[in-house]
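*Asks:* Could you have a look at this structure, given as C-alpha coordinates, before my questions?
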Amino acid sequence: ELATGIVTGTVMGNSGPLQGAQVRLNQVQEGGSPRANVAMAFSVSMGGDDDDSEVQTMEFSPGQTTATTDEKGQFRFQDVPAGNYEVKLIHKGYISMTPDAKEYGGVGQMDYGLLQMEAGATLKGRVVGLPSDDEEPGTMSMKLLEIRDEEDNRVQMSVLRRKNEFTFQDLKPGAYYLLLSTNDEEHRSDMIQVKSGNPTQFTFTL
(Lines give C-alpha, C1' and ligand atoms only; values in the text may rest on other atoms or scores of the structure.)
Protein backbone atom coordinates (compact mmCIF):
# COMPACT_ATOMS: atom_id res chain seq x y z
CA GLU A 1 0.00 0.00 0.00
CA LEU A 2 1.34 3.44 -0.98
CA ALA A 3 2.38 5.56 1.99
CA THR A 4 0.77 8.99 2.22
CA GLY A 5 0.89 11.90 4.63
CA ILE A 6 0.37 15.64 5.11
CA VAL A 7 2.11 18.71 3.67
CA THR A 8 1.55 22.04 5.42
CA GLY A 9 2.88 25.58 5.61
CA THR A 10 2.05 29.20 6.43
CA VAL A 11 2.10 32.10 3.96
CA MET A 12 3.03 35.54 5.27
CA GLY A 13 2.67 38.98 3.71
CA ASN A 14 4.04 42.40 4.64
CA SER A 15 1.60 42.85 7.51
CA GLY A 16 1.03 39.29 8.69
CA PRO A 17 -0.61 36.05 7.53
CA LEU A 18 -2.00 36.10 3.99
CA GLN A 19 -5.53 34.74 3.66
CA GLY A 20 -6.72 33.63 0.23
CA ALA A 21 -3.31 32.88 -1.27
CA GLN A 22 -3.41 30.11 -3.87
CA VAL A 23 -0.95 27.29 -3.19
CA ARG A 24 -0.08 24.82 -5.93
CA LEU A 25 1.59 21.55 -5.00
CA ASN A 26 3.78 20.21 -7.80
CA GLN A 27 5.63 16.91 -7.89
CA VAL A 28 8.96 17.13 -9.72
CA GLN A 29 11.37 14.57 -11.09
CA GLU A 30 15.12 14.49 -10.66
CA GLY A 31 16.52 17.49 -12.45
CA GLY A 32 13.49 19.61 -11.52
CA SER A 33 11.18 18.85 -14.44
CA PRO A 34 7.45 18.40 -13.68
CA ARG A 35 6.28 14.83 -13.39
CA ALA A 36 3.55 13.50 -15.66
CA ASN A 37 0.08 13.63 -14.17
CA VAL A 38 -0.68 10.85 -11.72
CA ALA A 39 -4.30 10.15 -10.90
CA MET A 40 -4.56 9.72 -7.13
CA ALA A 41 -7.17 10.81 -4.63
CA PHE A 42 -6.23 13.44 -2.06
CA SER A 43 -7.98 15.97 0.12
CA VAL A 44 -7.19 19.58 0.90
CA SER A 45 -7.95 20.79 4.41
CA MET A 46 -8.28 24.53 5.01
CA GLY A 47 -8.84 25.76 8.53
CA GLY A 48 -7.71 25.38 12.09
CA ASP A 49 -8.93 22.44 14.14
CA ASP A 50 -9.65 19.23 12.29
CA ASP A 51 -13.30 19.28 13.37
CA ASP A 52 -13.87 22.72 11.84
CA SER A 53 -11.74 22.28 8.73
CA GLU A 54 -13.22 22.54 5.27
CA VAL A 55 -12.07 19.53 3.28
CA GLN A 56 -12.17 19.32 -0.50
CA THR A 57 -11.46 16.14 -2.40
CA MET A 58 -10.19 16.21 -5.96
CA GLU A 59 -7.98 14.21 -8.27
CA PHE A 60 -4.27 14.37 -7.51
CA SER A 61 -2.67 15.85 -10.62
CA PRO A 62 0.75 17.47 -10.14
CA GLY A 63 0.79 20.98 -11.56
CA GLN A 64 -2.93 21.42 -10.93
CA THR A 65 -3.25 20.54 -7.24
CA THR A 66 -4.27 23.68 -5.33
CA ALA A 67 -5.30 24.86 -1.89
CA THR A 68 -6.23 28.27 -0.51
CA THR A 69 -4.79 29.67 2.71
CA ASP A 70 -7.12 30.29 5.65
CA GLU A 71 -7.32 33.36 7.92
CA LYS A 72 -4.09 32.26 9.62
CA GLY A 73 -2.29 32.02 6.28
CA GLN A 74 -2.11 28.23 6.61
CA PHE A 75 -2.49 25.57 3.94
CA ARG A 76 -2.67 21.80 4.24
CA PHE A 77 -2.52 19.00 1.68
CA GLN A 78 -3.63 15.63 2.99
CA ASP A 79 -3.03 12.08 1.68
CA VAL A 80 0.04 13.13 -0.33
CA PRO A 81 2.20 10.22 -1.55
CA ALA A 82 5.98 10.13 -1.26
CA GLY A 83 7.93 12.18 -3.75
CA ASN A 84 9.86 15.36 -4.46
CA TYR A 85 7.57 18.40 -4.13
CA GLU A 86 7.58 22.12 -4.62
CA VAL A 87 4.88 24.65 -3.81
CA LYS A 88 4.05 27.72 -5.90
CA LEU A 89 2.43 30.66 -4.11
CA ILE A 90 0.14 33.13 -5.90
CA HIS A 91 -1.70 36.09 -4.41
CA LYS A 92 -2.99 39.27 -6.03
CA GLY A 93 -0.70 42.19 -5.28
CA TYR A 94 2.24 39.94 -4.41
CA ILE A 95 5.09 38.44 -6.41
CA SER A 96 4.52 34.76 -7.16
CA MET A 97 7.18 32.57 -5.61
CA THR A 98 8.33 28.96 -5.71
CA PRO A 99 10.55 27.88 -2.77
CA ASP A 100 13.09 25.11 -3.25
CA ALA A 101 11.62 21.63 -3.71
CA LYS A 102 11.60 19.23 -0.76
CA GLU A 103 11.79 15.45 -0.64
CA TYR A 104 8.86 13.89 1.20
CA GLY A 105 8.75 10.29 2.40
CA GLY A 106 4.95 10.06 2.47
CA VAL A 107 4.79 9.42 6.22
CA GLY A 108 3.75 11.90 8.89
CA GLN A 109 3.80 15.66 8.24
CA MET A 110 6.16 17.80 6.18
CA ASP A 111 5.95 21.50 7.06
CA TYR A 112 7.29 24.19 4.72
CA GLY A 113 7.26 26.58 7.68
CA LEU A 114 6.79 30.32 7.19
CA LEU A 115 6.81 31.37 3.53
CA GLN A 116 7.22 35.13 3.06
CA MET A 117 5.69 36.75 -0.02
CA GLU A 118 6.92 40.15 -1.21
CA ALA A 119 4.49 42.87 -2.26
CA GLY A 120 4.61 43.42 -6.01
CA ALA A 121 4.91 46.56 -8.11
CA THR A 122 2.63 47.72 -10.95
CA LEU A 123 3.45 49.46 -14.22
CA LYS A 124 0.59 51.20 -16.04
CA GLY A 125 0.42 53.45 -19.07
CA ARG A 126 -0.30 53.67 -22.76
CA VAL A 127 1.52 53.56 -26.09
CA VAL A 128 1.47 56.78 -28.10
CA GLY A 129 2.21 57.01 -31.81
CA LEU A 130 0.71 53.76 -33.05
CA PRO A 131 -1.67 54.08 -36.00
CA SER A 132 -5.12 52.84 -35.03
CA ASP A 133 -7.13 50.39 -37.10
CA ASP A 134 -9.51 53.28 -37.84
CA GLU A 135 -6.65 55.23 -39.41
CA GLU A 136 -5.73 52.26 -41.59
CA PRO A 137 -9.06 50.96 -42.95
CA GLY A 138 -9.16 47.25 -43.74
CA THR A 139 -6.27 46.37 -41.40
CA MET A 140 -6.21 44.80 -37.99
CA SER A 141 -2.88 44.13 -36.33
CA MET A 142 -2.04 42.19 -33.17
CA LYS A 143 -0.16 44.52 -30.84
CA LEU A 144 1.96 42.44 -28.46
CA LEU A 145 3.72 44.23 -25.62
CA GLU A 146 6.43 42.59 -23.52
CA ILE A 147 8.06 43.79 -20.34
CA ARG A 148 11.69 42.69 -19.97
CA ASP A 149 14.25 43.03 -17.20
CA GLU A 150 17.78 44.44 -17.39
CA GLU A 151 19.14 41.05 -18.46
CA ASP A 152 16.72 40.97 -21.41
CA ASN A 153 14.55 38.23 -19.87
CA ARG A 154 10.86 38.35 -20.74
CA VAL A 155 8.90 38.85 -17.52
CA GLN A 156 5.33 39.22 -18.82
CA MET A 157 3.54 39.63 -22.14
CA SER A 158 0.22 41.28 -22.94
CA VAL A 159 -1.92 42.39 -25.86
CA LEU A 160 -2.58 46.13 -25.89
CA ARG A 161 -6.09 47.06 -24.81
CA ARG A 162 -8.33 49.73 -26.28
CA LYS A 163 -6.66 53.14 -26.53
CA ASN A 164 -3.34 51.24 -26.48
CA GLU A 165 -3.33 51.02 -22.69
CA PHE A 166 -1.40 48.41 -20.70
CA THR A 167 -0.99 47.18 -17.12
CA PHE A 168 1.69 44.85 -15.75
CA GLN A 169 1.16 43.72 -12.16
CA ASP A 170 2.98 41.77 -9.45
CA LEU A 171 6.44 42.80 -10.68
CA LYS A 172 9.57 42.80 -8.58
CA PRO A 173 10.63 46.41 -8.01
CA GLY A 174 13.47 47.21 -10.39
CA ALA A 175 14.42 48.36 -13.88
CA TYR A 176 12.50 47.19 -16.95
CA TYR A 177 11.93 48.12 -20.56
CA LEU A 178 9.00 47.56 -22.90
CA LEU A 179 9.22 45.79 -26.25
CA LEU A 180 6.33 46.29 -28.66
CA SER A 181 5.83 43.99 -31.65
CA THR A 182 3.47 45.00 -34.46
CA ASN A 183 3.55 42.78 -37.52
CA ASP A 184 7.23 42.85 -38.58
CA GLU A 185 8.27 45.88 -36.49
CA GLU A 186 9.72 46.07 -32.99
CA HIS A 187 9.90 49.16 -30.77
CA ARG A 188 11.90 49.33 -27.53
CA SER A 189 11.34 51.85 -24.74
CA ASP A 190 13.85 53.50 -22.43
CA MET A 191 14.55 51.79 -19.10
CA ILE A 192 11.81 52.31 -16.50
CA GLN A 193 12.33 52.22 -12.73
CA VAL A 194 9.31 50.40 -11.33
CA LYS A 195 8.70 50.88 -7.61
CA SER A 196 6.40 49.20 -5.12
CA GLY A 197 3.44 51.07 -3.68
CA ASN A 198 1.45 53.25 -6.04
CA PRO A 199 1.52 52.13 -9.70
CA THR A 200 4.39 53.49 -11.78
CA GLN A 201 2.99 55.46 -14.72
CA PHE A 202 4.78 55.44 -18.09
CA THR A 203 3.93 56.71 -21.57
CA PHE A 204 5.65 54.71 -24.32
CA THR A 205 6.11 57.19 -27.18
CA LEU A 206 7.11 55.62 -30.51
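The values are calculated or read from the model by the stated rules, or taken from the named source; none is laboratory data. Just so we're clear, the structure is a prediction, and the values are computed from it rather than from any experiment. So basically every Cβ, Gly included, is an ideal-geometry build from the backbone, and we count neighbours across all protein chains shown. These area figures cover heavy atoms from the full protein model, side chains too; ligands, DNA and RNA do not enter into them. Shrake-Rupley method; radii C 1.70, N 1.55, O 1.52, S 1.80 Å.
*Asks:* Excluding residues on the same chain fewer than 8 positions from K102, give the lysines whose Cα lies under 27 Å from its Cα.
*Replies:* K72, K88, K92, K172
*Asks:* Also, quick follow-up: For region 84-206, what is the charge dipole size about the Cα centre, in debye to the nearest 20, if Lys and Arg each add +1 at the Cβ and Asp and Glu each add -1 at the Cβ?
*Replies:* Numbers: 14 positive and 20 negative charges, 108 e Å.
Roughly 520 debye for region 84-206.
*Asks:* Another question, if that's okay. Take V159 and Q116, extend 7 Å from each Cα along the Cα→Cβ direction, and tell me the distance between the two endpoints in nm.
*Replies:* Simple spin-label model gives 4.0 nm for this pair.
*Asks:* Next up: Just reorder R162, R188 by solvent-accessible area, largest first, 1.4 Å probe, all chains present. Before the final figure, lay out the partial values.
*Replies:* Working: R162 210, R188 150 Å².
Sorted by accessible area, descending: R162, R188.
*Asks:* Next question. Using a 1.4 Å probe on the protein chains only, how many percent of the accessible area of region 68-135 belongs to carbon and sulfur? Provide the component values of the computation, followed by the final result.
*Replies:* Values: 1520 of 3360 Å².
The computed percentage sits at 45.
*Asks:* Any idea of V155's accessible area? Nearest 10 Å², probe 1.4 Å.
*Replies:* 60 Å²
*Asks:* Oh, and also: If I take R0 = 35 Å and measure r between the Cβ atoms of D149 and E71 in this structure, what FRET efficiency does the formula 1/(1 + (r/R0)^6) give, to the nearest 0.05?
*Replies:* Working: r = 35 Å, r/R0 = 1.00.
It comes to 0.50.
*Asks:* Under a 1.4 angstrom probe, counting protein chains only, how are D184, D111, D100 ranked by accessible area, largest first? All intermediate terms of the calculation are to be shown ahead of the outcome.
*Replies:* Working: D184 155, D111 80, D100 130 Å².
Largest accessible area first, the residues go D184, D100, D111.
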